[in-house]
Amino acid sequence: MIRKIVLFLIIIFSAVSSGGAADMPSLIKAAVLPGWGQMDYSRGHGKILMTADLTLIAGLLTYTRYAAVQQRDLESYAGRYANAAELYDNEQYWTDLGNYMNFEAFRTAMLETRQPERIYDEKYAWDWIELDKANSYLEQRRARDISRNRQVMIGGALVLNRIVSLVDMIYLQNRSAKVSVAYEENALYRGLNMEIRFR
């Protein structure tokens, strides 16, 4: 996620620099914290962008911490009720742990489906003490997955807010700038294309 944001900012700044936009410090402010650059132009909507971004950041931090707590709870729960002496730090392992009552059932299923490479070392074996505990684990894991999905969604909203802020700054600095955003999808690519033209 961080790499995508940095790459996006590099592309935007390159396009703006080649187009002759003058106020680069304000653009940097708008990218770092949406709305901050707009305040250099005494624009009231800058506060709206900034408030939205700070709210999103707070939400991201909250869900990041909550998902970490949920993960620790999952590990503790599995160690207590799945008789797992050692847990494998792998997302597929956490899924398999909830889908099979014990390691032998999992191993049998992998052999029957010709996926022996997916079988874990026996030190990561498990054996749920009862079905209710395994079902409770599944519910906890789904709740953790929801928290992680919300992290991704908030991260996307943070990127979008920066796009809006930068496009707005380009407009404020150069009213003759033409900005177009289009969705493109083909066999090789799917995503948003942004074009900035200066007259």
> Taking the Cβ-Cβ separation of residue 113 and residue 64 as r and a Förster radius of 41 Å, what is the calculated FRET efficiency to the nearest 0.05?
Replying inline: 0.70
> For labels at residue 45 and residue 157 in the simple 7 Å Cα→Cβ model, what's the distance in nm?
Replying inline: 1.9
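We did not get these values from a lab; they are worked out from the coordinates using the rules stated. Everything numeric in this text was worked out from a predicted model, so none of it was measured. Note that we place each Cβ from the backbone using ideal geometry, even for glycine, and neighbour counts take in every protein chain shown.
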